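The values are calculated or read from the model by the stated rules, or taken from the named source; none is laboratory data. These figures come from a predicted structure and were not determined experimentally. Cβ placement follows ideal geometry from the backbone for every residue including glycine, while neighbour counts extend to all protein chains displayed. Protein only, heavy atoms only, side chains kept; ligands, DNA and RNA dropped before computing areas. Shrake-Rupley method; radii C 1.70, N 1.55, O 1.52, S 1.80 Å.
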Amino acid sequence: MRKALITAFITISLTAFAASQQTIVLDVPNMTCPVCPITIKKALKRVPGVEDATVNYDKKTVTVKYDPEKASPAALIKATTDAGFPSSTHNAPKS
Ligand SMILES: [Cu+2]
């Protein structure tokens, strides 16, 4: 009985965690060789709150999963820019 309650509690916690996750796609136009995605991924994963970063070399985009309470799009863009890869929000209107 007690074990069942604990299991239920863990399930609820994981669901709440997943709900607080946000996904953003960034354009990284100056990825020019197959090593670039590794650098970009490393830079993004160093940002607190980033859960995962997936680079699409052909499309020159990176999809980032992050916790919006710890990281922000601005922090993600800064991380890639500091690593030498200026990025912007995918499909963002040009200002
Ligand atoms: Cu490169």
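Using 0.36 nm per residue and subtracting the Cα-Cα separation, the extra length available between Ser88 and Val25 on full extension is 21.8 nm. The residues of region 21-89 have, on average, 55 Å² of accessible surface per residue, using a 1.4 Å probe with all protein chains present. Backbone amide hydrogens, once placed in the peptide plane, bring Asp52 within less than 5 Å of Lys65, excluding anything fewer than 5 places away on its chain. Taking label points 7 Å from Cα along the Cα-to-Cβ direction, Lys70 and Tyr57 give a separation of 2.9 nm.
The share of accessible area on region 21-89 that comes from carbon and sulfur is 55 percent, using a 1.4 angstrom probe. Here the mean projected area of the convex hull built on the C-alpha positions of region 21-89 is 3.7 nm².
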